[in-house]
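Quick notes on the structure that follows.
The values are calculated or read from the model by the stated rules, or taken from the named source; none is laboratory data. It should be emphasised that the depicted structure is a prediction, and the values quoted were computed from it without experimental measurement. With ideal geometry, Cβ positions are generated from the backbone for all residues, glycine too; neighbour counts draw on all protein chains shown.
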C-alpha cells in the first residue's frame, strides 16, 4: 500500500504540473508528457509486433511480399499525413496510450498538435522498423546470444549474468541508447567479450568516420569514373580516354539511378544504410511508371507516384471488369480488357541497370572504407532470375519498319513540304535504312566523308574530326552509296554543302546537354515528328532502320560476314577479326548494297526542280542520270 501511495502521489504531482502549465497557456513539453506517451507507444507497438511475429505460423513468399507491400503502403500514408499536416492518423494510437498511462489529453491545444505530429513520425519509424525485422534485419545479435557470449568471457568464479525470460527485440538500427534499450526491454547489462577471449574471424575493415551522404557517394563514384578510373580500388591509374567515354555514355545513367535511389531511401549518411533500405528501394523501383521523369512539373515523391499509379490501375481494372461482367462478356475478354488497363512500369533491363550502378557505388564505398558490407548482395537479381523476368515481361523488343516505312515516306517532309533542302529529317532516315548507319554516324557526317573511287561514291565512316565519335573500331568502314539516294539528289545536296563552305552535312543540329551528342536532341525531334503524323510505334525507332537493313540483306541471302562489315559490327571469328572488311573491294560491296530493296517511288526529292537547286552540280547530275 505504501508503494502504491508513492506512485499515486508522484503521478498526481506530475499531472498537477501539467495542469498548471496548461492553465498558463504555455506549451511545456519539458514536463515529460511527450516522452512518456511516445516511449510507451513505441514499447507497446514493438512488443506487440514482436509477439505476433514470434507466434505467427509459416507463410508463403507471396504472403510475405504482400505483407511487406502493406507495410510500405502504410509508410506512404504516414508520410503523406506529415506532408499535409494531418494529425488524425495519430489520434487513436495516442488515445490508447494515454488510457494505458491514465493520462487525460486535451485534443484542441497546441500541445496536442505538437504531440500528434511527433506521434505520426514515431508511427512511421515503427512501421519501417517492423518491415526490417519482418525481413530478418536486426542491428544487433539476439540478447540471448549476447548473454551466452558474455558468460563465456567471465571468470569461472563469477556467476554469469542471466537474461530474464521476457522476450526482447534488438534495438533500432543506429547507436544504442538507454531510451531505446528501455523501449525494447533490454534491461540487463551485457559484458562485451574481449578479442583474446574469442577465437573468431578477423574484425571487418574499419569504416571511415568522415561523413558522406548517399548522394555524395554517387557523385564521388561518378567523378572517379569520369577521370578514367575503375572505381574498384583506392590506388588506380586514370585512363583519360576511358573517362571521357564514361562521362559521355554512362554518367547520365548513373545520375538517373542516384536520383531515384536517393529519392526513395533518403539522403542519409552511408554509415546508417542497411540492406533493408535497398531491399525496399528496389521493391518500389520495380513499380515506378515507365514515363516517370518525363514531366518537368512533377512534384510528387517516388513513393507517392507509385502508390497513386497502383490505385489508378486497380480502379481502372475494376471499372472495366464491372462493365464487361454487366454486359455478359467472357472471362477471356474481361482478362484482355483488364490487361489493356495495365500501366507500363520500368522495364526489367532498366531496373537491372539501376541495380548494377547501385552495386558499383557500394563496392566503391567498401574499397574506400565508408561501409563494410555490400547491401546489394541478395538484392540484385542473379542471371537466372533476370532471364526469368525478361521472359515474363511483355515483349516490347524493337521491330523493323516493314509496312510502316511507306507510311513514313508519305508524311510531309518526304512529299516536298520542307523549306530546307538539307533537312536531316529527310536525309538521315534514308541514309540509315539504305546503309545501316547508326543515328550518330549519320548525323555527324561531314562533306569530306562522301568520297568517290573508280566511279563509285561511298561513305568513308571514320573519326575525321575531334567531335566525331564511333561505337567501336569495327565502325570504321567504307559503304558504297545506294542508287536510291543518288536518284533522290543526295550528291547534289553534298555538293551544295561544299559550295556553302559547311563542314558538316547537317550544320544546324545541336548537341544534347547530357550526352553531348547530336542524336540526343534529334531523337526527340524524330519522335515528335512521327507522333504528329500518325506513324509512331513505341517498338519502332531510328535504330530500326539498321534492323530493316539487316533484314533486307538476310532476305537477299547475304552471308553474315558481309553484313558484319557493312553494319560495323565487331567480328566474331578470328578470320573476320584480323582479315575482315578490307578484303572486299568497293565494287563488290556496291553490288551487295544494291540488294537492299527499299521502295522510294512515293518520295519527292528536294532537288526535283532546277528552280530549287538553282546551281546544280554537273558531276552529281551526270551520276544521277547514269543511275536512272
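General remarks:
- Scanning the range 530-542 for residues that are surrounded by fewer than 18 Cβ atoms within 10 Å (Cβ to Cβ) and either at pLDDT 90 or above or on the phi > 0 side of the Ramachandran plot (or both) yields 531, 532, 533, 534, 536.
- Among the residues listed as 260, 311, the single one being under 20 Å from residue 80 (Cα atoms), assigned to a helix (DSSP H, G or I) and touching a residue at least 24 places away in the same chain (Cβ under 8 Å): 260
- Taken across the range 490-510, residues that are in contact with a helix residue (DSSP H, G or I) (Cβ under 6 Å, 6 or more places away or on another chain), over 26 Å from residue 603 (Cα atoms) and part of a loop (DSSP other than H, G, I, E, B) do occur, with at least one present.
- Given (1) surrounded by fewer than 16 Cβ atoms within 10 Å (Cβ to Cβ); (2) at pLDDT 95 or above, index of the condition residue 262 fails: (1)
- Lone qualifier among 436, 432 - being on the phi > 0 side of the Ramachandran plot and under 36 Å from the mean Cα position of the chain (by Cα): 436
- Residue 54 vs. criteria touching a residue at least 60 places away in the same chain (Cβ under 8 Å), in a helix (DSSP H, G or I) and surrounded by fewer than 16 Cβ atoms within 10 Å (Cβ to Cβ): yes
- Looking at 226, 283, 296, just one residue is modelled with pLDDT under 90 and either crowded, with 17+ Cβ neighbours inside 10 Å or within 22 Å of the chain's Cα centre (by Cα) (or both), and that residue is 296.
- Matching entry among 9, 49, 81 (being outside the structural domain of residue 109 (by TED's automatic domain parsing), at pLDDT 50 or above and in a helix (DSSP H, G or I)): 9
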